[in-house]
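The values are calculated or read from the model by the stated rules, or taken from the named source; none is laboratory data. Here the structure is a predicted model, which means the values were calculated and not measured. Every residue, glycine among them, receives a Cβ derived from its backbone with ideal geometry; neighbour counts consider all protein chains shown.
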Amino acid sequence: AQSVSQHNHHVILSEAASLELGCNYSYGGTVNLFWYVQYPGQHLQLLLKYFSGDPLVKGIKGFEAEFIKSKFSFNLRKPSVQWSDTAEYFCAVFLNAGGTSYGKLTFGQGTILTVHP
Amino acid sequence: EAQVTQNPRYLITVTGKKLTVTCSQNMNHEYMSWYRQDPGLGLRQIYYSMNVEVTDKGDVPEGYKVSRKEKRNFPLILESPSPNQTSLYFCASSVVGVASYGYTFGSGTRLTVV
């Protein structure tokens, strides 16, 4: 079964620091990759997604992620974090098996990011 | 406004008392799904539905039931809730080809079973 692993449970940074959150998945086939953000008390919102093409994907709020197929990784980055980026971040993988369009997103365990002013 | 609406937002109940959490979407999405979120475990899929009258188990279906009689609604039923079902529940929906768009999530239902 496919699985998604996020390396860090809790990351604490000061404003203006750079951010990189790790995400690895365990499936050798074609996948579609997502990062979601969950602000305190709110539902999940899509940050960015990767399907194909340029492995460097840009999302909202200055976030980007790089797909490295050889490493089965899809790490999230932001050059300079803000206090308002305090949230929980989830990596998710969709198994794209032969064009099948139904199924599920498998989520990682989540990484809580705390940004101090 | 396009959205997924869950009710109630908060619910405290007692062990064994049947309950239903409703989910409705106004985007004409074919796919709907229920997840539960627990600290350190991320989101785990309970059930999903590809269309009306088509449902299937996710990773943690035990103790839950669903139905999809109408395209817009996908209620989650706990016939006999137990304390280990205390969790934060999210309903989500998507167009055909969930991979292309990802899910749109509801605001969540925080369930406590005592």
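So here's what we get for this one:
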| item | result |
| --- | --- |
| Filtered residues of the stretch B:21-64 (kept if over 22 Å from A:Gln38 (Cβ atoms), in a loop (DSSP other than H, G, I, E, B) and within 11 Å of another protein chain (Cβ to nearest Cβ)) | B:Glu30 |
| Some residue of the stretch A:78-85 being in contact with a Phe, Trp or Tyr (Cβ under 8 Å, 6 or more places away or on another chain) and at pLDDT below 90 | no |
| Residues located in the stretch A:1-50, provided they are small (Gly, Ala, Ser) and either within 19 Å of B:Val4 (Cα to Cα) or modelled with pLDDT of 90 or more (or both) | A:Ser5, A:Ser14, A:Ala16, A:Ala17, A:Ser18, A:Gly22, A:Gly41 |
| Qualifying residue in the stretch B:31-42 (condition: surrounded by 20 or more Cβ atoms within 10 Å (Cβ to Cβ) and in contact with a helix residue (DSSP H, G or I) (Cβ under 7 Å, 6 or more places away or on another chain)) | yes |
| The one condition in (1) closer than 21 Å to A:Lys58 by Cβ; (2) surrounded by fewer than 16 Cβ atoms within 10 Å (Cβ to Cβ); (3) under 11 Å from the mean Cα position of the chain (by Cα) that A:Ser5 fails to fulfil | (1) |
| Filter result for A:Gly53 (farther than 18 Å from A:Gly108 by Cβ and small (Gly, Ala, Ser)) | yes |
| Residue match in the stretch B:32-45 (condition: at pLDDT 90 or above, out of contact with any Ser or Thr (no Cβ under 7 Å at 6 or more places or on another chain) and farther than 17 Å from A:Thr106 by Cα) | no |
| Any hit, the stretch B:12-26, residues being within 30 Å of A:His10 (Cα to Cα) and touching a strand residue (DSSP E or B) at 6+ places or on another chain (Cβ under 6 Å) | yes |
| Residue satisfying condition, being over 12 Å from the mean Cα position of the chain (by Cα), on the phi > 0 side of the Ramachandran plot and not basic (Lys, Arg), within set B:Glu62, B:Glu53, B:Glu79 | B:Glu53 |
